[in-house]
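See structure below.
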Amino acid sequence: MKSVVVLLPGLNRDRDMIAALTKIGGRPPATAWQTDTEIPDADLIVIPGGFSFGDYLRCGAIAARMPVMRAVAKKAEKGVKVIGVCNGFQILLEAGLLPGALMRNASLRFVCREVKLEVANADTAFTRSYAKGQIIRCPVAHHDGNYFADEETLARIEGEGQVVFRYAEGTNPNGSINDIAGIVNARGNVLGLMPHPENLIEAAHGGTDGRPLFESVLGAAA
Amino acid sequence: MTIRNDIPITEDLIAAHGLKPDEYQRILDLIGREPSFTELGIFSAMWNEHCSYKSSKKWLRTLPTEGPRVIQGPGENAGVVDIGDGQAVVFKMESHNHPSYIEPYQGAATGVGGILRDVFTMGARPIAAMNALRFGEPDHPKTRHLVSGVVSGVGGYGNSFGVPTVGGEVQFDARYNGNILVNAFAAGLADANAIFYSRAEGVGLPVVYLGAKTGRDGVGGATMASAEFDDSIDEKRPTVQVGDPFTEKCLLEACLELMASGAVIAIQDMGAAGLTCSAVEMGAKGDLGIRLDLDKVPVREERMSAYEMMLSESQERMLMVLRPEKEEEAKGIFRKWGLDFAVVGETTDDLRFRVFHQGEEVADLPIKKLGDEAPEYDRPWTEPEAPAPLADVPAMDVADALPKLVGSPNLSSRRWVWEQYDTLIQGNSLQIPGGDAGVVRVEDHATKALAFSSDVNPRYCEADPYQGGKQAVAECWRNLTATGALPLAATDNLNFGNPERPQIMGQFVRAVQGIGEACRALDFPIVSGNVSLYNETNGQGILPTPTIAGVGLIDDWARMARIGFAAEGEAIVLVGAPARWGTHLGQSAYMRELFGRNDGPPPPVDLAHERKAGDFVRALIRDGLATACHDLSDGGLAVALAEMAMAAGIGATVNRPDGADPAATFFGEDQGRYLVTLSRADVERFLEEIAPGSGVSAVWIGTTGGPSLKLGEARAISVAELKAAHEGWFAGFMGN
């Protein structure tokens, strides 16, 4: 099982993600730099969180236009699994690999806290180690996580089971429409989510609810 | 507009540079001629209070700065302390008070940026940050705006850079109405044998400029920070720098990569007084001259004068001396991260600081004397007046008082603030704000962790600077201890008013003496720090605020303590308290928050007792006996119990000593006290066998359990009610 972590200047949860993939997958992932036009062969590509290029333009907009993202799109087209967390989710949206947009939090403030997530679809490569309807703990840390899609898109992704995680029990931290926290593409091989499962995978984190996500995808590809 | 370098140096110009007539005379004596305009700027940058510590140096020398674990004390970018296994923690706290009042978002943001740079300049990757913030009274028309701007500025920089903010302080007091305090702390982790210093070595080596381009922002910032405010303050906005955390994050990665390559001989970040301070420091420390060619400095604005380039405080810049054979490799690393890299000068053997611009020599100064010959003052000071004894103590029902206290501006939850900070990034945060100290595990080590706390009670310091100084150190030491950490060392951020006023200087002197005494008694050396004076507006000084930020080491985080009650039915033991548990109400939160009174002396600090009680409690935690622990501070026993209950959602029933005054018992702020909980199975053995030989009092005062907190005869207060009051104030105040 091989994984690759995409590195762009300004990302800052890359080390967290590499640690999680190493601890759960048993070996460190390869990395791909922003200017790389080819991505090493792998079963999973992860775009971690942070503030790529400072997020001085629309979050993820510059990163989505870097050469490495064209390579990611090519791999996704071939069916390689891709996860984008937080800024990684924003980048996937800006790159057109997922539908919708992430706006500024409704509070207009950065928010870092633990929320509850409902696993809305356990029948994906990323969630098969959870049960449908299961409520898990997970931290969020973002300024622009307010998911939005137009009515038609929303009806489609809801209808097709593309909404994978929802903020549960009144813990929506950002005003996301339909409490959406994470979605997959129509084909089911690209996942984007705002929460940080990589920060809840071991005893030191105070819980391991993020672990099954990585176990699902790493195990599935093994 | 460009001012020529050869304009006449008038009295007005000298005064505008913050230089006194006798200081100017000192310059004339030193160089034997009139300085050029650029040279005048360089002297003003080097000799202002902020950079030269001219009023404080005499007293700072009295602080203990050494210890068996200290690798580097004050004088470098940050202090360095050995944590074993070949690793070191690198840390410092620094103020950004004046800029944050003028422009709260950028002032606070660049404060965070500056302190992070101090840490990674030494080769350490930042792993934790804290911020001690002090604002005016909540009702003051500017306070909300300042809170909102400062908090988002701190978050905006730290979150983007990627360091967890694990602790800090937020306080309100009318005495900060015109002069808020923003004290930023950062700590990093480095290999003990790979610390980088600012001392240049070798003649004829390239001096390299790295990072962001130089602009006109912050020209004269350090001089501004060394003056009092008046009503024209808004005109000073252009002296505040603008932060770019993205560039700083790239600079961090590039610097660490460059350091690992073996190319770096010396490195100094460009902070206050930018290029001037950093170049002079590198040369002077290495007994070398420096020659700078300003035409090579990367600039982002046109027609910048030499004066502006030398005094610019543009952020995210570094100066290095590199091994010439590694220059190409170094250039490659910086190009990869999209940063500027320019050879702007060289080291020389003439001990001169020579600056060239467009073919002209704009400065030629003796480099050592620029720093060494800075004026130093033994400012007159007066002994602070002894506080009058506390008069009558008004009574209030304990169950009425407690919700009011935990919901008061100064004791309520700071969640509204710290949820805007990324507390979890890097995946090592073991305790986030809300407890006694922030705790971060040492990455790649199975059991080790570091604890961080920042403390001072400015009202104590105002009433008695000496006791207040001692107390700030003791409380910081106690907060670290309450997690089970062994306090290693501290950094001090000394915020005071105008030192030219003898009573302010008296506050400073006595506070430093108190800090020194406490640090010696607790083996808690000061390894770095910063002094911020002239915190006055229209002649009104701030409360004396010597912030102490400390670092402690936890050997095994599986056995660290947290403040929340661990379970129902556990014994609550009060450690280190006098017979009546609490006695001292002078300067207490009870008097201040409930009755608006700031009278009486602050609680005295018995350092021998402090040490004994702390060592005893730490051993209890490390032996796995204590299931939870919390130190007693503002608001005394009742507030500490409430905080333990609220953190766990578990109540408690607590007795009261016979005949004792309930206010003093539950709200007294006697020092050197802790609450620990023990499982019922351990408590008899503890009280009969362990506590008696310790020389520290330990009293079983109650039991955890139930949904409410019952204190003595007072009616039970539900934990939910306490929590609503505690959590509600800040968000309500900010309007959301």
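One table, with the values for the structure above:
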quantity: Counted residues, region B:117-126 - those being assigned to a helix (DSSP H, G or I) and within 14 Å of another protein chain (Cβ to nearest Cβ); calculated: 1
quantity: Among residues of region B:541-580, those that are under 25 Å from A:ALA204 (Cα atoms), part of a loop (DSSP other than H, G, I, E, B) and under 30 Å from the mean Cα position of the chain (by Cα), counted; calculated: 8
quantity: Residues of region B:454-482 satisfying the condition of being polar (S, T, N, Q) and in contact with a Gly (Cβ under 7 Å, 6 or more places away or on another chain); calculated: B:SER454, B:ASN457, B:GLN467, B:THR481
quantity: Count of residues meeting criterion [closer than 19 Å to A:LEU98 by Cβ and surrounded by 23 or more Cβ atoms within 10 Å (Cβ to Cβ)] in region A:33-63; calculated: 11
quantity: Qualifying residue in region B:679-696 (condition: assigned to a strand (DSSP E or B) and aliphatic (A, V, I, L, M)); calculated: no
quantity: Number of the exception - B:ILE554 against (1) in contact with a strand residue (DSSP E or B) (Cβ under 8 Å, 6 or more places away or on another chain); (2) buried (at least 22 other Cβ atoms within 10 Å of the Cβ); (3) within 29 Å of B:GLY706 (Cα to Cα); calculated: (3)
quantity: Hits in region B:490-533 - residues which are among the β-branched types (Val, Ile, Thr) and in contact with a Pro (Cβ under 7 Å, 6 or more places away or on another chain); calculated: B:ILE515, B:ILE526, B:VAL527
quantity: Criterion (in contact (Cβ under 8 Å) with a residue 60 or more places away in the chain, within 14 Å of chain A (Cβ to nearest Cβ), β-branched (Val, Ile, Thr) and over 30 Å from B:LYS612 (Cα atoms)) met by exactly one of B:VAL398, B:VAL417; calculated: B:VAL417
quantity: Helices (runs of 4 or more DSSP H) contained in region B:1-114 and holding at least 3 residues over 20 Å from the mean Cα position of the chain (by Cα); calculated: B:11-16, B:21-31, B:37-47
quantity: Region A:12-28: number of residues that are farther than 20 Å from B:PHE246 by Cα, touching a Leu at 6+ places or on another chain (Cβ under 9 Å) and either within 10 Å of another protein chain (Cβ to nearest Cβ) or surrounded by fewer than 23 Cβ atoms within 10 Å (Cβ to Cβ) (or both); calculated: 5
quantity: Residue in region B:58-79 that is touching a His at 6+ places or on another chain (Cβ under 9 Å), on the phi < 0 side of the Ramachandran plot and touching a residue at least 12 places away in the same chain (Cβ under 8 Å) present; calculated: no
quantity: Matching entry among B:SER429, B:SER412, B:SER453 (being more than 14 Å from chain A (Cβ to nearest Cβ), closer than 22 Å to B:PHE565 by Cα, within 20 Å of the chain's Cα centre (by Cα) and of a type outside the set (A, V, I, L, M)); calculated: B:SER453
quantity: Region B:641-653, residues that are of a type in the set (A, V, I, L, M, F, W, C), touching a Ser or Thr at 6+ places or on another chain (Cβ under 9 Å) and surrounded by fewer than 22 Cβ atoms within 10 Å (Cβ to Cβ); calculated: B:ALA648
quantity: Single unsatisfied condition, A:VAL140 versus (1) away from chain B (no Cβ under 13 Å); (2) within 29 Å of B:GLY156 (Cβ to Cβ); (3) under 16 Å from the mean Cα position of the chain (by Cα); calculated: (1)
quantity: Candidate set: region B:179-234, residues that are polar (S, T, N, Q) and closer than 23 Å to B:MET46 by Cα; chosen: the one modelled with the highest pLDDT; calculated: B:ASN183
quantity: Residue that is nearest to A:ARG65 (Cα to Cα), among those in region A:83-109 that are surrounded by fewer than 23 Cβ atoms within 10 Å (Cβ to Cβ) and within 14 Å of chain B (Cβ to nearest Cβ); calculated: A:ARG104
quantity: Subset of region B:95-126 (residues that are buried (at least 24 other Cβ atoms within 10 Å of the Cβ) and charged (D, E, K, R)); calculated: B:ARG117, B:ASP118
quantity: Only one of A:GLY175, A:GLY207, A:GLY145 that is crowded, with 24+ Cβ neighbours inside 10 Å, over 22 Å from A:SER3 (Cβ atoms) and within 14 Å of chain B (Cβ to nearest Cβ); calculated: A:GLY145
quantity: Qualifying residue in region A:62-73 (condition: within 14 Å of chain B (Cβ to nearest Cβ), in contact with a helix residue (DSSP H, G or I) (Cβ under 7 Å, 6 or more places away or on another chain) and closer than 21 Å to A:PRO9 by Cα); calculated: yes
quantity: The lone exception for B:SER160 - which of (1) assigned to a helix (DSSP H, G or I); (2) within 28 Å of B:ILE526 (Cα to Cα); (3) at pLDDT 95 or above it fails; calculated: (2)
quantity: Pair list, Cβ < 7 Å and 6+ apart or interchain, from region A:197-208 residues that are touching a residue at least 60 places away in the same chain (Cβ under 8 Å) to residues that are surrounded by fewer than 17 Cβ atoms within 10 Å (Cβ to Cβ) and assigned to a loop (DSSP other than H, G, I, E, B); calculated: A:LEU200/A:THR208; A:ILE201/A:THR208; A:GLU202/A:THR208
quantity: Qualifying residue in region B:136-150 (condition: modelled with pLDDT of 95 or more, under 29 Å from B:GLU281 (Cα atoms) and not small (Gly, Ala, Ser)); calculated: no
quantity: Entirely in region B:581-648, the helices (runs of 4 or more DSSP H) that have 3 or more residues that are touching a strand residue (DSSP E or B) at 6+ places or on another chain (Cβ under 7 Å); calculated: B:607-622, B:636-648
quantity: Test: B:GLY516 is in contact with a strand residue (DSSP E or B) (Cβ under 9 Å, 6 or more places away or on another chain) and either hydrophobic (A, V, I, L, M, F, W, C) or surrounded by fewer than 24 Cβ atoms within 10 Å (Cβ to Cβ) (or both); calculated: yes
quantity: Flag for B:ALA613 being more than 15 Å from B:ILE563 (Cβ to Cβ), of a type in the set (A, V, I, L, M) and crowded, with 23+ Cβ neighbours inside 10 Å; calculated: yes
quantity: Condition check for B:LEU116: in contact with a Pro (Cβ under 6 Å, 6 or more places away or on another chain) and not small (Gly, Ala, Ser); calculated: yes
quantity: Matching residues in region B:687-736 - criterion: being touching a Pro at 6+ places or on another chain (Cβ under 9 Å) and within 14 Å of chain A (Cβ to nearest Cβ); calculated: B:PHE730
quantity: Considering residues of region B:127-152 that are within 11 Å of chain A (Cβ to nearest Cβ) and not β-branched (Val, Ile, Thr) only, the residue surrounded by the most Cβ atoms within 10 Å (Cβ to Cβ); calculated: B:SER152
quantity: Residue in region A:110-126 that is nearest to the other protein chains (Cβ to nearest Cβ), counting only those that are without any contact (Cβ under 8 Å) to a residue 40 or more places away in the chain and farther than 24 Å from B:THR165 by Cα; calculated: A:ALA122
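The values are calculated or read from the model by the stated rules, or taken from the named source; none is laboratory data. Keep in mind that this is a model prediction, so the values were computed, not measured. In this analysis, Cβ positions are derived from the backbone assuming ideal geometry, glycine residues included, and neighbour counts consider all displayed protein chains.
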